[in-house]
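Heads up: the structure comes next, in structure tokens.
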Amino acid sequence: MPLLNKVRTAAPGGLGGDTAIHSLSRLRSALTLFFALDGFLFAGWVVRIPAVKQQTGASAGDLGLALLGVSAGAVVTMTLTGRLCRRFGSHAVTVATAVLLSLSVALPALTRSPLALGLVLLVFGAAYGGINVAMNSAAVDLVTALRRPVMPSFHAAFSLGGMLGAGIGGLLAGSLSPGTHLLGLTVVGLALTAVAGPVLLRHPAPVLPEALPRGPEAEPGKPSGPGKPSPAARRTVIVFGVIALCTAYGEGALADWGALHLEQDLGAHPGVAAAGYSVFALTMTAGRLSGTLLLERLGQTRTLVAGGATAAAGMLLGALAPTVWATLLGFAVTGLGLANIFPVAVARAGAVAGPGGVATASTLGYGGMLLGPPSIGFLADWFSLPVALTTVAVLAAGAAAMGYWARNAGTQHVS
């Protein structure tokens with residue numbers, strides 16, 4: 001079995017002994033908090049979109065254009081954050097973008113026009129894109145140092161934070177104004193950043209002995225910065241980015257169209273239809289919580305292939321089943337299958353090309369989240385919604401095939 005799929009546990013005496021192990025444990029806890037905070041703040045904003053729409057007097061079209069600000073800001077920043085991480089370190093960039101995200105989440109409630117909303121959402125999107133690249137880059141370094149495939153646990157924290165943010169936001173929506181609620185998110189975000197940020201700032205990204213430069217130019221204790229990736233490395237990163245895109249496509253499609261499919265095509269009660277995405281999100285979170293154990297048992301390539309195949313089968317059931325409960329079962333299986341593909345793809349891209357690889361894979365993955373809903377809409381107009389949803393299964397199967405094809409990529413970088 002290639003080194004790529006072997007899992008090793010850090011030796012107690014390695015990397016400085018017990019002190020280093022304690023340091024890595026603290027870093028893992030702090031990074032987990034940042035992943036959860038990211039999901040919490042984003043979900044808290046999402047549940048207040050209807051109230052902000054009413055406050056700004058935006059039409060549906062105006063709101064759609066304003067929301068593009070989040071996407072535009074995120075995509076532009078993601079392409080730049082890899083360079084910032086190489087220059088200033090992923091830990092410092094994570095803390096800085098967390099502060100910006102916490103501050104900017106309060107801005108939409110201060111706007112009174114669709115134009116102003118779009119402009120502040122550019123800032124919010126920039127912070128959101130930046131923190132996603134920075135904290136994933138930091139997580140890739142930590143996974144390498146720990147020699148355990150713990151990347152899914154970070155993404156599980158993001159999912160749990162999102163569920164908590166959406167749940168609390170829904171409970172507060174009837175009693176708090178958007179301004180008060182979003183300002184409260186700012187306070188929570190800054191407080192948690194003040195708790196976890198110093199841990200990242202005090203501890204530089206862990207460096208394994210084999211990552212140190214060789215030869216007379218090497219400075220003791222100074223890691224070698226990632227050079228310009230080779231053409232083969234760039235192609236590998238693109239492959240893993242496309243795998244991430246396939247996963248995010250399915251997540252975006254189910255978020256926007258799953259409930260409509262249940263209600264419109266199968267006659268489900270609105271409450272049951274609304275549970276469709278919740279079932280998907282719950283199983284995805286459960287899959288990520290068990291992701292480390294799964295990766296230790298199966299390895300990365302088998303996890304990618306099995307996850308893609310499982311998601312493809314689940315989505316075919318979810319799209320084409322004639323009953324509501326079979327469709328819900330299909331959505332649940334799809335969530336389990338897709339759960340660990342995105343974190344593994346981002347980790348592999350980072351192992352091959354450092355922060356730049358994480359930036360590329362994250363940008364492509366985020367593009368899939370944007371591409372899914374409108375693509376499903378166009379295909380539903382041309383064919384039908386059930387047929388359109390089968391594209392999620394096609395892309396999941398494609399992710400499995402690409403994961404197998406790239407099984408030996410970056411073996412010198414990934415433990």
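Side notes on the structure shown:
- Scan of the stretch 68-89 for residues that are polar (S, T, N, Q), open to solvent by 10 Å² or more (accessible area, probe 1.4 Å) and within 24 Å of L201 (Cα to Cα), ordered by number: T77, T79
- Subset of the stretch 162-193 (residues that are in a helix (DSSP H, G or I) and either in contact with a Cys (Cβ under 6 Å, 6 or more places away or on another chain) or modelled with pLDDT under 90 (or both)): G162, M163, L164, G165, A166, G167, I168, G169, G170, L171, L172
- Candidates are the residues of the stretch 13-38 that are touching a helix residue (DSSP H, G or I) at 6+ places or on another chain (Cβ under 7 Å) and at pLDDT below 90; the one that is nearest to S71 (Cα to Cα) is L24.
- Neighbours by Cβ (under 7 Å, 6+ apart or cross-chain): first from the stretch 44-66, under 24 Å from S175 (Cβ atoms); second polar (S, T, N, Q) and surrounded by fewer than 17 Cβ atoms within 10 Å (Cβ to Cβ): T56/S113
- L370 vs. criteria over 19 Å from I243 (Cβ atoms), surrounded by fewer than 24 Cβ atoms within 10 Å (Cβ to Cβ) and out of contact with any strand residue (DSSP E or B) (no Cβ under 8 Å at 6 or more places or on another chain): no
- Flag for L101 being surrounded by fewer than 18 Cβ atoms within 10 Å (Cβ to Cβ) and out of contact with any His (no Cβ under 9 Å at 6 or more places or on another chain): no
- Some residue of the stretch 346-353 being closer than 22 Å to Y277 by Cβ, open to solvent by less than 30 Å² (accessible area, probe 1.4 Å) and in contact (Cβ under 8 Å) with a residue 60 or more places away in the chain: no
- For the condition modelled with pLDDT of 95 or more and aliphatic (A, V, I, L, M), A347 does not qualify.
- Qualifying residue in the stretch 378-400 (condition: under 23 Å from A72 (Cα atoms) and either surrounded by 22 or more Cβ atoms within 10 Å (Cβ to Cβ) or out of contact with any Phe, Trp or Tyr (no Cβ under 6 Å at 6 or more places or on another chain) (or both)): yes
Condition check ((1) outside any helix (DSSP H, G or I); (2) of a type in the set (F, W, Y); (3) on the phi > 0 side of the Ramachandran plot) across all residues:
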residue: F124; (1), (2), (3): no, yes, no
residue: A138; (1), (2), (3): no, no, no
residue: D141; (1), (2), (3): no, no, no
residue: T144; (1), (2), (3): no, no, no
residue: P149; (1), (2), (3): yes, no, no
residue: S153; (1), (2), (3): no, no, no
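- Test result for G354, under 15 Å from the mean Cα position of the chain (by Cα) and either small (G, A, S) or at positive phi (or both): no
The values are calculated or read from the model by the stated rules, or taken from the named source; none is laboratory data. A quick note: this is a predicted structure, and the numbers were derived from the prediction, not measured. Ideal geometry is used to build each Cβ from the backbone, glycine not excepted, and the neighbour counts take in all protein chains shown. The protein model used for the area step is the full one, side chains on, heavy atoms only, and it has no ligands, DNA or RNA in it. Shrake-Rupley method; radii C 1.70, N 1.55, O 1.52, S 1.80 Å.
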